[in-house]
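Here's the structure we're looking at; comments come further down.
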Amino acid sequence: MKKEIESGISLIEILVVVTIFATLGVIVSSSLILTIQGTKKSESLIRVRENLNYSLAVIERNIRNANEIIGCPYSNASQITYLDKNGISTSFSCVGVGQPDSYIASGSAALARLTSNTIKITSCSFTCTQDSSNPPSVTVNVAVQDASATGVQSSSVTAESKIYLRN
């Protein structure tokens, strides 16, 4: 008797191939998801950093060139009032710290936002020190986080800057 050999693929061979392709699919999709999350985290960090750096640059420039810090040392750590180089009273303040729509503001009469609405101020303080041997100094502590991102894609940044008055 002659036995005929049938050509084809057995069920076990098909299952092995499907398992290999499923494993490859899971690995590729996991790395793709991690890459996308990393990109969103980087974008969030850039957005937060840009806002914070801009705000601190404006605060540093204006306080450094101020003629006088009014009421130094003072009791309200969320606001600082100073006389600018032209002798005009103005201020910086932290508005709604910890709230979703918190921001750093500049000006006394009309508060102008220094930070955008895409970030949230989690903590903010101005500390003024004045002694006889050095010019007055202001220490600014700010912690901000991305208000639009959540979870692992959200970023938070803390900065501290000590500013000495020139005048």
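The values are calculated or read from the model by the stated rules, or taken from the named source; none is laboratory data. These numbers were taken from a predicted model, which means no experiment stands behind them. No Cβ is skipped: glycine too gets one built from the backbone with ideal geometry, and neighbour counts run over all protein chains shown.
Listed values, structure above:
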{"item": "Matching option when the condition is more than 15 Å from Val58 (Cβ to Cβ), touching a residue at least 12 places away in the same chain (Cβ under 8 Å) and more than 14 Å from the chain's Cα centre (by Cα), among Ser133, Ser154, Ser137", "result": "Ser137"}
{"item": "Residues within segment 104-130 that are in a strand (DSSP E or B), out of contact with any helix residue (DSSP H, G or I) (no Cβ under 9 Å at 6 or more places or on another chain) and in contact (Cβ under 8 Å) with a residue 12 or more places away in the chain, tallied", "result": "10"}
{"item": "Single unsatisfied condition, Cys72 versus (1) at pLDDT 90 or above; (2) out of contact with any Asp or Glu (no Cβ under 7 Å at 6 or more places or on another chain)", "result": "(1)"}
{"item": "Residue satisfying all of: in segment 141-150; touching a helix residue (DSSP H, G or I) at 6+ places or on another chain (Cβ under 6 Å) and in a strand (DSSP E or B); modelled with the highest pLDDT among these", "result": "Val144"}
{"item": "Residue match in segment 5-24 (condition: outside any helix (DSSP H, G or I) and in contact with a helix residue (DSSP H, G or I) (Cβ under 9 Å, 6 or more places away or on another chain))", "result": "yes"}
{"item": "Lone qualifier among Val138, Val97 - being in a strand (DSSP E or B) and under 24 Å from Arg49 (Cα atoms)", "result": "Val138"}
{"item": "Candidate set: segment 1-37, residues that are among the polar types (S, T, N, Q) and more than 41 Å from the chain's Cα centre (by Cα); chosen: the one modelled with the lowest pLDDT", "result": "Ser7"}
{"item": "Breaking point among (1) buried (at least 19 other Cβ atoms within 10 Å of the Cβ); (2) among the hydrophobic types (A, V, I, L, M, F, W, C); (3) touching a helix residue (DSSP H, G or I) at 6+ places or on another chain (Cβ under 8 Å); (4) under 30 Å from Gly38 (Cα atoms), for Val138", "result": "(4)"}
{"item": "From Ser161, Ser148, residue being in contact (Cβ under 8 Å) with a residue 24 or more places away in the chain and over 14 Å from Asn51 (Cα atoms)", "result": "Ser161"}
{"item": "Single condition Tyr54 does not satisfy, out of (1) of a type in the set (Phe, Trp, Tyr); (2) under 16 Å from the mean Cα position of the chain (by Cα); (3) buried (at least 17 other Cβ atoms within 10 Å of the Cβ)", "result": "(3)"}
{"item": "Number of positions in segment 99-139 that are out of contact with any Ser or Thr (no Cβ under 6 Å at 6 or more places or on another chain) and among the aliphatic types (A, V, I, L, M)", "result": "5"}
